[in-house]
2 protein chains.
Amino acid sequence: MKAIVNVSLKAGVLDSQGKAVKHALDSLKFGSVKDVRVGKQIVLELDSKDAASAKEEVAQMCEALLANTVIEEYTIEIIS
Amino acid sequence: MKAIVNVSLKAGVLDSQGKAVKHALDSLKFGSVKDVRVGKQIVLELDSKDAASAKEEVAQMCEALLANTVIEEYTIEIIS
């Protein structure tokens, strides 16, 4: 079973990496770009018995390690 | 128009960040985790006239800046 976790900065939190990418894209003449946000995508290979328990366990991993919930939010997608 | 770019290491390329996360999850007693791969998710806000031209432009951005195509692969999703 596979879990895809997307971790991104909460709206309103300054994304300095995103700003740097936006600036670099401007320098490369990609003028259509209005905003850039950079986050993490974590792909986990799991040995869980069902999707519900996998999602519950991955949520615990996010709270404990994968995301800093003060400034970041996360989404979990389970692919069997 | 919004574009979501997922950049991940190609299969076979050593993912040291993923290995570190796997090790940390083991330490936290999440024993069901078999493998971890860590990538980037870049969300772009675009001012393009249609989805096809947006996807074409984002592919150029990936080749020029967002991904190191020697070791990384990318997927592009356009959300209007």
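Taken over region A:30-78, the residue count meeting the criterion of being of a type in the set (A, V, I, L, M) and facing another protein chain (nearest Cβ under 7 Å) is 10. Within region B:9-29, the set of residues being at the interface with another protein chain (Cβ under 7 Å from one of its Cβ atoms) and either open to solvent by 40 Å² or more (accessible area, probe 1.4 Å) or part of a strand (DSSP E or B) (or both) comprises B:Leu28 only. Total residues in region B:70-80 satisfying the condition of being open to solvent by 60 Å² or more (accessible area, probe 1.4 Å) and within 28 Å of B:Gly12 (Cα to Cα): the figure is 6. What residue, among those in region A:30-40 that are within 20 Å of A:Lys10 (Cα to Cα) and touching a Ser or Thr at 6+ places or on another chain (Cβ under 7 Å), is surrounded by the fewest Cβ atoms within 10 Å (Cβ to Cβ)? Here the residue is A:Arg37. In region B:45-64, of all residues being of a type in the set (A, V, I, L, M) and in contact with a Leu (Cβ under 8 Å, 6 or more places away or on another chain), the one that is surrounded by the fewest Cβ atoms within 10 Å (Cβ to Cβ) corresponds to B:Ala64.
The values are calculated or read from the model by the stated rules, or taken from the named source; none is laboratory data. Fair warning: this is a prediction, and the values are worked out from it, not measured in the lab. No Cβ is skipped: glycine too gets one built from the backbone with ideal geometry, and neighbour counts run over all protein chains shown. Please note that ligands, DNA and RNA were not included when accessible areas were found on the heavy atoms of the full protein model with its side chains. Shrake-Rupley method; radii C 1.70, N 1.55, O 1.52, S 1.80 Å.
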